[in-house]
Amino acid sequence: MTRKEYLQAVIDSQRSPIEVFMGIQEKPEAFEVVDVRIGDPAFLKEKIVNAKQIPLIELNERLTELDKTKLIYVATWSGACTLAKQASLLLLENGFNVLEIAGGNEAWAATELPMEPV
């Protein structure tokens with residue numbers, strides 16, 4: 001893979017928090033947000049508003065909770081965390097349409113988009 005192909009693949013696999021928020025505001029029935037972070041709720045503290053909390057280690061067993069007709073946005077801690085990438089691969093392998101929220105919960109909160117307690 002060339003550097004150009006790699007960069008295009010990154011662009012094709014994620015959306016910014018603002019893009020995700022705007023899409024959900026326009027057509028909420030078309031999307032699901034899944035938070036795949038692993039940790040005790042007291043440690044996690046907050047999540048993207050209305051996100052389903054499905055830790056990556058439980059995702060394979062809980063695939064039936066997700067709707068294959070919707071675009072699934074996956075979120076994790078931050079851009080440095082690979083949990084969302086791992087979840088995206090699992091979801092793609094199981095027939096889901098999935099994109100990663102660039103920067104995860106950290107970028108969502110930094111953009112001052114709505115969060116809620118875990």
Hey, I101 open to solvent by less than 50 Å² (accessible area, probe 1.4 Å), in contact with a Ser or Thr (Cβ under 9 Å, 6 or more places away or on another chain) and closer than 17 Å to P17 by Cβ or not: yes
So how many residues does the range 86-96 have that are touching a residue at least 60 places away in the same chain (Cβ under 8 Å) and open to solvent by 50 Å² or more (accessible area, probe 1.4 Å)? 0
For the range 85-99, check the following and say yes or no: at least one residue is modelled with pLDDT of 95 or more, part of a helix (DSSP H, G or I), among the small types (G, A, S) and touching an Asp or Glu at 6+ places or on another chain (Cβ under 9 Å). yes
Residue list for the range 1-10, filter: open to solvent by less than 100 Å² (accessible area, probe 1.4 Å) and within 19 Å of Q86 (Cα to Cα): L7, Q8, A9, V10
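Being in a loop (DSSP other than H, G, I, E, B), of a type in the set (A, V, I, L, M) and either open to solvent by 90 Å² or more (accessible area, probe 1.4 Å) or within 21 Å of A109 (Cα to Cα) (or both), is that true of even one residue in the range 12-19? Steps first, answer last, please.
Of all residues in the range 12-19, those in a loop (DSSP other than H, G, I, E, B) come to 16.
Those still in the list that are of a type in the set (A, V, I, L, M) too: none.
Looking through the range 12-19, none of the residues is in a loop (DSSP other than H, G, I, E, B), of a type in the set (A, V, I, L, M) and either open to solvent by 90 Å² or more (accessible area, probe 1.4 Å) or within 21 Å of A109 (Cα to Cα) (or both).
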L63 fails exactly one of (1) under 22 Å from D12 (Cβ atoms); (2) part of a helix (DSSP H, G or I), namely (1)
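Confirm whether E32 is within 18 Å of A9 (Cβ to Cβ), part of a strand (DSSP E or B) and either open to solvent by 70 Å² or more (accessible area, probe 1.4 Å) or not hydrophobic (A, V, I, L, M, F, W, C) (or both).
Considered against the rule, which asks whether it is within 18 Å of A9 (Cβ to Cβ), part of a strand (DSSP E or B) and either open to solvent by 70 Å² or more (accessible area, probe 1.4 Å) or not hydrophobic (A, V, I, L, M, F, W, C) (or both), E32 comes out as no.
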Scanning the range 57-80 for residues that are open to solvent by 20 Å² or more (accessible area, probe 1.4 Å) and closer than 14 Å to K47 by Cβ gives W77, S78
Look at K47 and say whether it is part of a strand (DSSP E or B) and more than 15 Å from L99 (Cα to Cα). yes
Here's a check for you: in the range 18-44, which residue that is among the charged types (D, E, K, R) and out of contact with any strand residue (DSSP E or B) (no Cβ under 7 Å at 6 or more places or on another chain) is farthest from A87 (Cα to Cα)? E26
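The values are calculated or read from the model by the stated rules, or taken from the named source; none is laboratory data. Since this is a predicted model, take the numbers as computed values, not measurements. FYI the Cβ positions are ideal-geometry reconstructions off the backbone, even for glycines, and counts take in every protein chain you see. Note: areas computed on protein heavy atoms with side chains; ligands, DNA, RNA excluded. Shrake-Rupley method; radii C 1.70, N 1.55, O 1.52, S 1.80 Å.
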